[in-house]
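Report on the following structure.
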Amino acid sequence: MQYDVVVIGSGPGGYVGAIRCAQLGLKTAVIEKYKTFGGTCLNVGCIPSKALLDSSEHFHNAAHTFKTHGIVLKDLKVDMPQMIARKNDVVNQNTAGITYLFKKNKIDSFEGIGSFVDKNTIMITKEGGETETLTAKNVIIASGSKPTVLPFLPIDKKRIITSTEALNIQEVPKQMIVIGGGVIGLELGSVYARLGTKVSVIEFLPSIIATMDAGLGKELQRVLKKSLGMEFYMNHKVTGATTKGKTVTVTAENAKGEQIHLDADYCIVAVGRTAYTAGLNLEAIGIKTEERGNKIPVNEHLETSVPGVFAIGDVIRGAMLAHKAEDEGIYVAERIAGQKPHINYNLIPGVVYTWPEVASVGYTEEQLKENGTKYKAGSFPFKASGRAKASMDTDGFVKVLADAETDEILGVHMIGPRVADVIAEAVVAMEFRASAEDIARICHAHPTYTEALKEAAMAATENRAIHI
Ligand code: FAD
Ligand code: NAI
């Protein structure tokens with residue numbers, strides 16, 4: 001079988017790239033080793049985690065805020081198997097959607113492990129061991145990532161688990177330990193804390209979500225403690241874990257060497273993800289992965305050291321995010337078709353789907369200080385927002401950072417209700433190189449959460465926010 005493009009992996013990088021290739025008239029095939037398309041994101045990542053976050057948020061509100069709204073419920077309880085079944089149904093709808101899109105775009109798909117024979121020949125090894133070979137003018141590697149494992153803390157998938165198993169727990173645990181105060185730990189920790197689990201987070205660094213603007217982690221930690229009773233052991237290095245029956249005991253130590261021992265029903269290990277290249281047989285084409293993180297090196301056009309072999313998404317440098325992988329899929333498809341696409345890596349938004357949500361784009365205040373950029377900052381708290389008061393979601397704030405001289409927006413950082421959606425306005429503004437005053441002068445519907453962005457922009461412009 002001869003193709004213009006063969007894509008290895010059907011996650012958001014691979015499937016989006018394949019569809020764009022087909023739209024551009026390239027004969028395209030996708031190889032996926034799993035039974036369903038969609039990769040980590042659709043099967044065990046973005047989509048199932050958001051489904052459980054939504055379900056658990058409903059439960060938490062029903063248990064804690066409905067009364068204040070004047071809604072009285074009796075005998076409220078969690079039906080965990082049903083919650084998981086609904087999540088599975090959401091996943092199935094999404095993965096089936098990719099099957100439909102492949103058919104619609106006349107993309108051939110093959111189930112099995114794709115590996116290089118040479119730069120234009122890919123062998124597919126199927127479950128039973130049979131093989132099939134495809135030839136391709138171009139290959140896009142979109143093989144994604146897998147959870148990072150701590151060498152001294154083996155995952156047993158029963159009590160010491162990764163995010164994948166945490167999406168399928170059939171009961172509400174009494175206690176849960178989360179190792180890593182990053183995105184996965186806080187999102188999945190929130191799911192269970194909302195359902196009534198006592199969640200303890202052990203984080204190596206002094207801050208949670210440490211790569212985001214520092215103010216965000218501080219506020220999120222405060223709210224998660226207050227509203228969900230989550231416990232945080234900051235500056236603690238995990239040293240080991242043992243299981244006995246249904247109990248897992250985790251040990252960690254702080255900078256002074258003082259030890260803690262925590263017991264729980266489950267321990268989620270969420271200490272990052274590592275690029276996944278097993279089975280690709282990269283040696284056959286002379287590609288060596290980076291020592292740190294196992295990433296495939298690529299140039300500015302996402303081409304590897306082998307001409308015609310590209311790599312995108314989690315398997316290469318940069319943020320491990322679905323929308324980044326998607327944009328790279330489109331980028332490579334358009335490059336192969338001879339176009340001149342562009343990605344602005346500084347404007348890839350980052351979102352944490354806790355409640356309150358956290359969202360960020362552009363430079364953080366810490367980066368601007370480090371670069372020596374002169375900037376001005378304007379903030380607006382949600383407690384001063386009419387919309388937030390109406391929904392009782394008054395935690396958090398929006399911060400706009402703008403160039404001190406030109407007023408160009410350099411970074412926007414938010415924590416608050418529905419900021420995962422509000423951040424899109426900041427991304428658009430920054431793509432068009434808007435000034436803080438531009439946002440301040442644009443009419444925003446009232447009452448909406450987006451008014452907080454306008455007020456923060458007003459505060460950054462001339463310290464002229466109206467409602468604080
Ligand atoms: P993947 O989605 O990992 O897909 C790679 C695919 O390649 C897999 O299906 C794999 O089976 C296949 N494959 C690998 N090797 C081979 C081979 N040799 N032959 C054939 N097939 C192969 N990101 C967000 O932006 N927003 C979120 O809300 C979000 N939530 C997440 C929640 C969780 C719990 C997790 C774990 C991740 C989350 N992410 C989120 C990250 C997101 O899932 C990834 O960034 C994204 O899936 C990366 O896409 P990808 O196409 O590079 O790789
Ligand atoms: P992460 O990199 O976000 O966080 C890992 C955390 O673990 C860090 O804070 C780190 O300091 C800590 N850590 C590392 N080793 C430790 C140790 N031994 N003891 C204690 N703490 C330790 O990684 P995470 O949460 O696993 O997520 C992986 C990737 O998945 C992220 O890069 C993210 O991009 C993606 N993702 C994105 C989501 C989103 O966009 N909403 C949701 C979930 C995942």
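List of remarks:
- List Ile160, Ile113, Ile348, ordered by accessible area with a 1.4 Å probe, largest first: Ile113, Ile348, Ile160
- Evaluated with a Cβ-only charge set (Lys, Arg +1; Asp, Glu -1), the stretch 29-176 carries a dipole of roughly 280 debye about its Cα centre, given to the nearest 20.
- Computed about the Cα centre, the dipole magnitude for the stretch 31-101 is approximately 80 debye when only Lys and Arg (+1) and Asp and Glu (-1) carry charge, each at its Cβ.
- Note on the stretch 356-460: with charges restricted to the Cβ of Lys and Arg (+1) and Asp and Glu (-1), its dipole about the Cα centre is near 320 debye.
- Per residue, the average separation of C-alpha pairs within less than 8 Å and at least 6 apart gives the chain a relative contact order of 14 percent.
- Note: relative contact order over the stretch 356-460, using C-alpha pairs below 8 Å and six or more positions apart, is 34 percent.
- Estimated FRET transfer efficiency when R0 is 30 angstrom, pair Ile343-Phe152 (beta carbons, to 0.05): 0.20
- Rolling a 1.4 Å probe over the heavy atoms of the protein chains gives the chain an accessible area of 47 Å² per residue.
- Once all protein chains are placed together, Tyr34 keeps about 110 Å² accessible to a 1.4 angstrom probe.
- Positive-end residue of Thr125, Leu26, Asn43, charge dipole of the chain with Cβ unit charges: Asn43
- Signed unit charges on C-beta, dipole axis of the chain, positive-most listed residue Thr364, Gly313, Phe382: Phe382
- Between Met80 and Thr135, residue separation times 0.36 nm minus the direct Cα-Cα distance comes to 15.1 nm.
- Local electrostatic count, Tyr34, Cβ distance below 12 Å [Lys/Arg +1, Asp/Glu -1]: -1
- Nonpolar atom fraction for the chain, defined as the carbon and sulfur part of the 1.4 Å probe accessible area, stands at 53 percent.
- Annotation: average projected area of the stretch 160-271 is 6.6 square nanometres, based on the convex hull of Cα atoms across all directions.
- Heavy-atom accessible area order for Met123, Met392, largest first, 1.4 Å probe: Met392, Met123
- Net charge of neighbours whose Cβ lies under 14 Å from the Cβ of Ala440, counting Lys and Arg as +1 and Asp and Glu as -1: -4
- Per-peptide average of other Cβ atoms within 10 Å, ordering 373-379, 168-174, 360-366, 198-204 highest first: 198-204, 360-366, 373-379, 168-174
- In terms of packing, defined here as the mean over residues of other Cβ atoms within 10 angstrom, the peptides 126-135, 443-452 line up highest first as 443-452, 126-135.
- Length released on extending from Ala96 to Ala424, taking residue separation times 0.36 nm less the Cα-Cα span: 115.3 nm
- A 1.4 Å probe over all protein chains sorts Phe59, Phe432 by accessible area into Phe432, Phe59, starting with the largest.
- For the pair Lys389 and Glu462, a Förster radius of 25 Å applied to the C-beta separation gives a FRET efficiency near 0.45, rounded to the nearest 0.05.
- Here the extension length gained between Lys226 and Asp54 equals 59.9 nm, from 0.36 nm per residue of separation less the Cα-Cα distance.
The values are calculated or read from the model by the stated rules, or taken from the named source; none is laboratory data. Values in this document were obtained by computation on a predicted structure and should not be read as measured data. FYI the Cβ positions are ideal-geometry reconstructions off the backbone, even for glycines, and counts take in every protein chain you see. Each accessible area value is taken on the protein alone, full model and side chains, heavy atoms only, with ligands, DNA and RNA left out. Shrake-Rupley method; radii C 1.70, N 1.55, O 1.52, S 1.80 Å.
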